[in-house]
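Written out below as structure tokens is the structure these notes cover.
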Amino acid sequence: MKSSEKKLLFIEVFMIIMLIINLLFLQTNSYILSIFIIVMFFVSVFLLGYESDRHRFKKDGILLSIIFALIYEIFIYLSGLYVGFLRSGYSLTLYGLIQNVIPFLLIVVTSEILRYEFVTKGEKKKLFYFLTLILFILLDISANIYIYDLNVGRVIVEAICVVAIPSITKNLLLTYWMRRFGVLANIIYLSITSIAVFIIPIIPDFNKYLQAVIAFLYPVILFFITRKILKDETKTSKLASKTATRILGIATFIFTATLVVLTSGIFKYYFLTIGSGSMQKELYVGDVVIVKKLNKSELKEIEVGTILVFKMQNKIIVHRVVEINKEDGNLIFRTKGDNNKENDKWVVTENNLIGLTKYKIPLIGLPSIWLYEFVEGSKLKWKR
């Protein structure tokens, strides 16, 4: 074994031992973990040197990683139409975003640069490929394990199923991509697929084990797609570019179809853009609300204070319930816009009712408002 290989072996074994100790005894936070990675990167550069990223297929890899990441996010959030949505547990304040996103980005960027260093220096021996894979699985677990109480047997099993097992296929894919595409493709893919949960106020209400299955299978699918794209290395550049263009077209179609589905009202949950100021300061023009359609057996979910979505005078209206009564065995609702001085003149019957609002996403519907105004040639006169 060469001197450089011995140094690489020492670094990787040392990091693996330190990560195991961290998992068993310390469970450090994201900032300390990112500092550890940065330090080990500089140690490896000092001992082994650093090679610039000159991968032949870097551009193709970046394009593919963007497309694959967007398809994943579209699929995950489209699934919410079936399984429902939950409010994200992460703070959306500026301080909260900085507190959550910065440590994550530090870990992603530093760990992928370190992965590049290890893959580049040790790609000729399977031992180093195996050690790199083990190292980054442990690193992945260390970055997520702090939310689990490892003193409880049931929780340990859950952590293995939800964190450790999906990490295996993810790191297989990322290590393979690193050899083929270089560091940027990995950083972009991880950033898109992971940061969404920090910046979007809702998340699909997946069973955690179902989500783990998806997280396990998707990298496997991408691994085989990538291998097929790169199978004929003499035509790789052209083939990858053509395939990426084809996938981009499919992704664009999926994205467009998703927007149509999200706003069509076909499914149990759908998106609705607020076009009136009548519900300020709860809902503003341009906010998007997720509407849960109700059947007769679910009407019991409605109580005074619920924000209803109903059809009245051929318009979709979003107002709050202020009074609930019964008439001939059917429920009727009195409603009022929060920003209006008086109750609505009408009553909402079960036949008028569409559903109730579950969550809101601030201001992302403004482009559709602007488009409507552009087509109409004048600004909407918002009803108060």
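The values are calculated or read from the model by the stated rules, or taken from the named source; none is laboratory data. None of these values were measured; they are calculated from a predicted model. Don't worry about glycine lacking a Cβ; one is built from the backbone with ideal geometry, like all the others, and counts go over all protein chains shown.
The set of residues in region 51-75 being in a loop (DSSP other than H, G, I, E, B), surrounded by fewer than 16 Cβ atoms within 10 Å (Cβ to Cβ) and aromatic (Phe, Trp, Tyr) is empty.
Return the only residue of 38, 16 being in a helix (DSSP H, G or I), within 20 Å of residue 174 (Cβ to Cβ) and over 28 Å from the mean Cα position of the chain (by Cα). Going through 38, 16 in turn, just one is in a helix (DSSP H, G or I), within 20 Å of residue 174 (Cβ to Cβ) and over 28 Å from the mean Cα position of the chain (by Cα): 16.
What residue, among those in region 172-189 that are touching a Phe, Trp or Tyr at 6+ places or on another chain (Cβ under 9 Å) and under 19 Å from residue 105 (Cβ atoms), is surrounded by the fewest Cβ atoms within 10 Å (Cβ to Cβ)? Step by step, filter region 172-189, then rank; the result is 183. Is it true that residue 164 is farther than 16 Å from residue 67 by Cα, of a type outside the set (Val, Ile, Thr) and buried (at least 18 other Cβ atoms within 10 Å of the Cβ)? Answer is no for this residue. Check off (1) surrounded by fewer than 16 Cβ atoms within 10 Å (Cβ to Cβ); (2) free of Cβ contacts under 8 Å to residues at least 40 places away in the same chain; (3) not in a loop (DSSP other than H, G, I, E, B) for residue 47 and give me the number that stays unchecked. The single condition residue 47 does not satisfy is (2).
Within region 290-311, the residues that satisfy the criterion of being modelled with pLDDT of 85 or more and under 15 Å from residue 358 (Cβ atoms) are 291, 292, 293, 294, 302, 303, 305, 306, 307, 308, 309. Please specify each residue of region 80-104 satisfying the condition of being surrounded by 17 or more Cβ atoms within 10 Å (Cβ to Cβ) and at pLDDT 75 or above. If the condition is that a residue be surrounded by 17 or more Cβ atoms within 10 Å (Cβ to Cβ) and at pLDDT 75 or above, then 100, 103, 104 are the ones that fit. Here region 103-140 is the region considered, the condition is being of a type in the set (D, E, K, R) and free of Cβ contacts under 8 Å to residues at least 24 places away in the same chain, and the residue that is nearest to residue 42 (Cα to Cα) is 124.
Condition first: surrounded by fewer than 14 Cβ atoms within 10 Å (Cβ to Cβ) and either farther than 30 Å from residue 98 by Cβ or in contact (Cβ under 8 Å) with a residue 12 or more places away in the chain (or both). Now tell me which residues in region 29-44 satisfy that. If the condition is that a residue be surrounded by fewer than 14 Cβ atoms within 10 Å (Cβ to Cβ) and either farther than 30 Å from residue 98 by Cβ or in contact (Cβ under 8 Å) with a residue 12 or more places away in the chain (or both), then 29, 31 are the ones that fit.
Pairs are defined by a Cβ separation below 7 Å, a sequence spacing of at least 6 or placement on different chains, a first member in region 263-290 that is under 18 Å from residue 77 (Cα atoms), and a second member that is of a type in the set (S, T, N, Q) and modelled with pLDDT under 80; the pairs so defined are 270/263; 270/264; 271/263; 273/368. Of everything listed in (1) part of a helix (DSSP H, G or I); (2) over 30 Å from residue 128 (Cα atoms); (3) touching a helix residue (DSSP H, G or I) at 6+ places or on another chain (Cβ under 7 Å), the single unmet condition for residue 107 is (2).
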